[in-house]
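Quick notes on the structure that follows.
The values are calculated or read from the model by the stated rules, or taken from the named source; none is laboratory data. This is a predicted model, so every value here is computed, not measured. We place every Cβ from the backbone using ideal geometry, glycine too, and count neighbours over all the protein chains shown. Just the protein is used for accessible areas: all its heavy atoms, side chains included, with ligands, DNA and RNA removed. Shrake-Rupley method; radii C 1.70, N 1.55, O 1.52, S 1.80 Å.
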Amino acid sequence: MSKKGIKVGSVTYAMKARDLLQKNGYKAYLTRNPHPSEDEGCGYVIYVMNLDKRCFDLLKRNNIDIKGTVELGDFL
C-alpha cells in the first residue's frame, strides 16, 4: 500500500490538520517531509492511515490550505 503525506503551509496548520483528522476518527500523525522544498510549505507532512478524498474535503471545509501530497514510501 502506498504511504502518502499531506503537505500544508506551516507546522501550525500541520498540527491543526492532524488534530482535526483525529477528532473525526482518522489515525493521523505528523512526520518530517522526506522531500522538503522551500516553496511547498513546511518541513512536516500529515500521514493519515487510509488516506482518502474525505480527508481532503474535511481539511478544505476547515480552511486548511493543502499544498499537495508527498510519497512517504518506507520513510515511516
For segment 2-54, enumerate the residues that are open to solvent by 60 Å² or more (accessible area, probe 1.4 Å) and at positive phi.
GLY25, ASN50
Can you list residue pairs whose Cβ atoms sit under 8 Å apart, with the first residue in segment 1-16 being in a helix (DSSP H, G or I) and among the small types (Gly, Ala, Ser) and the second being at pLDDT 90 or above and surrounded by fewer than 24 Cβ atoms within 10 Å (Cβ to Cβ)? Count only pairs 6 or more apart in sequence or on different chains.
ALA14/LEU30
Go through segment 60-74 and give me each residue that's assigned to a loop (DSSP other than H, G, I, E, B) and either hydrophobic (A, V, I, L, M, F, W, C) or modelled with pLDDT under 95 (or both).
ILE64, ASP65, LEU72, GLY73, ASP74
Which of (1) open to solvent by 40 Å² or more (accessible area, probe 1.4 Å); (2) within 10 Å of the chain's Cα centre (by Cα); (3) at pLDDT 90 or above is the odd one out, the single condition ASP57 does not satisfy?
(2)
In segment 17-54, residues that are among the basic types (Lys, Arg) and at pLDDT below 90 total 1
